[in-house]
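Colleague: What follows is a structure written as structure tokens; I'll ask about it next.
FYI, it's all coordinate maths here, none of it is from the lab. All figures in this text were calculated on a predicted structure; none of them were measured in a lab. FYI the Cβ positions are ideal-geometry reconstructions off the backbone, even for glycines, and counts take in every protein chain you see.
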Amino acid sequence: MTADEFDEMFDSGAVDMTPYLDFSQMRRPNQELRKIEIDLPRWLLNSVDAEVKRSGMARSAVVASRLATSFA
């Protein structure tokens, strides 16, 4: 199938394009994880740990979730 044929099928909206896609190499740009080190005051870390206990999430997940909602 040529790129033009693929584009026509996609643009028509009449065909499910899933069988024509290779998801094995799919990635989301800017979603790669990077490690950071951060210093927090004790009161803030106590607040994070309280949220960890309440939610059952990992400390890093709580911090990442709060950062994401603040900067998204």
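Colleague: So which of Val48, Val63 is within 17 Å of the chain's Cα centre (by Cα) and of a type outside the set (S, T, N, Q)?
Modeller: Working: Val48 fails: within 17 Å of the chain's Cα centre (by Cα).
After applying the criteria, what remains is Val63.
Colleague: Something else: Quick check, is Glu51 among the charged types (D, E, K, R) and touching a helix residue (DSSP H, G or I) at 6+ places or on another chain (Cβ under 6 Å)?
Modeller: Working: among the charged types (D, E, K, R): yes; touching a helix residue (DSSP H, G or I) at 6+ places or on another chain (Cβ under 6 Å): yes.
Yes.
Colleague: Okay, moving on. Only one of these is out of contact with any Asp or Glu (no Cβ under 6 Å at 6 or more places or on another chain) and within 30 Å of Phe6 (Cβ to Cβ): Asp49, Asp22, Asp39. Name it. Walk me through how you get there before you give the answer.
Modeller: On the way: Asp49 fails: within 30 Å of Phe6 (Cβ to Cβ); Asp39 fails: within 30 Å of Phe6 (Cβ to Cβ).
Matching residue, one of Asp49, Asp22, Asp39: Asp22.
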